[in-house]
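These notes concern the structure reproduced below.
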Amino acid sequence: PAVATFLSLVLTHLGYDVTTVNDPAQALAQFRDAPFDVDLVITDQSMPGFSGDVLLGAMLELRPDLPVIMCTAFSLEMGDRAARRLGARGYLSKPIEVDELVHLVSESLAPPTSRITAAV
């Protein structure tokens, strides 16, 4: 929740409309209800319930064009290459650097009218 709050504050300050969901099952349920209401997803690899790669796969199954940014702390299994192989547009390593976050979000999206769901 602390990381999600941090991401939300930074991105809201930049003008993005951010929805924060701290439960991957809830994030997926909301996405399934309205998959085109989301322009970008930022997810963590390590979450309670199921992992970010599972969430990413389920969302991309519904919307293959959806930009997803994966983030995690140190992981032997997940890094930039692994995240991109799974279909993510980018990868953020924790602790998240604001400049890197802003760069990846702007690289993945159109102007700051986009809606973002952060499930971390």
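The values are calculated or read from the model by the stated rules, or taken from the named source; none is laboratory data. Quick caveat: nothing in here was measured; it's all calculated off a predicted structure. Glycine gets a Cβ as well: all are built from the backbone with ideal geometry, and neighbour counts include every protein chain shown. Heavy atoms of the whole protein, side chains included, go into the accessibility calculation; ligands, DNA and RNA do not. Shrake-Rupley method; radii C 1.70, N 1.55, O 1.52, S 1.80 Å.
Within region 40-62, residues that are surrounded by fewer than 16 Cβ atoms within 10 Å (Cβ to Cβ) have Cβ atoms under 8 Å from residues that are of a type in the set (Ser, Thr, Tyr) in these pairs: Ser46/Thr72; Ser46/Ser75, counting only partners at least 6 apart in sequence or on another chain. Here Pro64 passes the criteria (1) farther than 21 Å from Leu101 by Cα; (2) part of a helix (DSSP H, G or I); (3) not β-branched (Val, Ile, Thr) except the one numbered (2). One residue alone among Ile69, Ile96 is assigned to a loop (DSSP other than H, G, I, E, B), under 14 Å from Val3 (Cβ atoms) and in contact with a strand residue (DSSP E or B) (Cβ under 7 Å, 6 or more places away or on another chain), and that residue is Ile96. Quick one: what pairs do we get from region 1-21, first residue open to solvent by 60 Å² or more (accessible area, probe 1.4 Å), second of a type in the set (Lys, Arg), C-beta under 9 Å, 6+ apart or different chains? Final answer for the pair search is Asp17/Arg115; Thr19/Arg115.
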